[in-house]
Amino acid sequence: MAYCPACAESIAPVADAGGRAGCPKCGLVLIDEPEAAASVLFGTVLIAEDTRLIRELLKDGLVSEGLAGRVYTAENGSELIELYADQLYHDRSVELVVIDLEMPILGGGNAAIALRAMERGVTAKPATIVFFTAHPLGDALRGLMHHCRPAHYLNKGADASAPRLIKRLREVMRALKM
């Protein structure tokens, strides 16, 4: 048995085409090697989360762990789109976007689709999206992730103490950089 930091569950890993062990539910490649020294994994990260405490926890954790160079936050999908448009307008790349699926005004799924349309419109390199949700991974979310590639998910509802949540996000971020 192994632990998937994205699903926050014990799983029986399966081998991918390259022979690497991964989660059978979400496909995240599981990393066995000891963690490398903290280094910036993603330059600019945008976070959209309607709960202020979680939003600040993520931002502070990414910065203090040295996982992101710059972190900007939004409390809904509409604000996220404005932040992303500003980054594109000023020709600044965004490498990672963490999006809560359930937010007021504009939910995460629709915001992610809008981000992908903006990227195509200006031929920008797509930012990796991590859908942040309290729900288990289901077919609808798999379909959304497929449409919004590169995308992954992190279950924030399970195993979500502040230190564990940051540790799990770090592990998912490291796997995404492989």
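The values are calculated or read from the model by the stated rules, or taken from the named source; none is laboratory data. The structure displayed is predicted, hence computed values, not measured ones. Neighbour counts are summed over all protein chains in view; Cβ atoms, including those assigned to glycine, are modelled from backbone coordinates with ideal geometry.
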Is there a residue in region 67-87 that is modelled with pLDDT under 90 and farther than 22 Å from Ala127 by Cα?
no
Considering Leu53, Leu137, which residue is within 19 Å of Lys156 (Cα to Cα) and in contact (Cβ under 8 Å) with a residue 40 or more places away in the chain?
Leu137
Test for Leu28: is it in contact with a His (Cβ under 8 Å, 6 or more places away or on another chain) and either among the aliphatic types (A, V, I, L, M) or touching a residue at least 24 places away in the same chain (Cβ under 8 Å) (or both):
yes
Could you list, in sequence order, the residues of region 58-78 that are surrounded by fewer than 19 Cβ atoms within 10 Å (Cβ to Cβ) and assigned to a helix (DSSP H, G or I)?
Lys59, Asp60, Val63, Ser64, Ser78
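The rows are residues; the columns are (1) surrounded by 14 or more Cβ atoms within 10 Å (Cβ to Cβ); (2) over 22 Å from Thr44 (Cα atoms).
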site	(1), (2)
Leu115	yes, no
Lys125	no, no
Phe132	yes, no
His135	yes, yes
Ala140	no, yes
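Please enumerate the residues belonging to region 85-106 that are over 15 Å from the mean Cα position of the chain (by Cα) and either surrounded by 11 or more Cβ atoms within 10 Å (Cβ to Cβ) or assigned to a helix (DSSP H, G or I) (or both). Break it down into steps so the answer makes sense when it comes.
Step one: filter region 85-106 for residues over 15 Å from the mean Cα position of the chain (by Cα), giving 85-93, 103-106.
The answer is Ala85, Asp86, Gln87, Leu88, Tyr89, Arg92, Ser93, Met103, Ile105, Leu106.
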Of the conditions (1) in a helix (DSSP H, G or I); (2) touching a strand residue (DSSP E or B) at 6+ places or on another chain (Cβ under 7 Å); (3) closer than 19 Å to Ile54 by Cβ, the single one that Gly109 does not satisfy is (2)
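Looking at region 25-54, which of the residues that are exposed (fewer than 12 other Cβ atoms within 10 Å of the Cβ) and part of a loop (DSSP other than H, G, I, E, B) is modelled with the lowest pLDDT? Don't jump to the end; show me each part of the working.
Of region 25-54, the ones exposed (fewer than 12 other Cβ atoms within 10 Å of the Cβ) are 32-39, 52-53.
Pick out the ones that are also part of a loop (DSSP other than H, G, I, E, B) and you get 32-39.
Working: Asp32: 68, Glu33: 57, Pro34: 52, Glu35: 53, Ala36: 48, Ala37: 45, Ala38: 50, Ser39: 64.
Filtering first and then ranking leaves Ala37.
If the requirement is being in a helix (DSSP H, G or I), in contact with a Lys or Arg (Cβ under 9 Å, 6 or more places away or on another chain) and farther than 18 Å from Val172 by Cα, which of these qualifies: Glu82, Glu119?
Testing whether each residue is in a helix (DSSP H, G or I), in contact with a Lys or Arg (Cβ under 9 Å, 6 or more places away or on another chain) and farther than 18 Å from Val172 by Cα leaves just Glu119.
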Of (1) part of a helix (DSSP H, G or I); (2) within 29 Å of Glu9 (Cβ to Cβ), Val130 satisfies all except one. Which?
(1)
Which of the residues spanning region 116-142 are more than 14 Å from the chain's Cα centre (by Cα) and closer than 19 Å to Ala68 by Cβ?
Ala124, Lys125
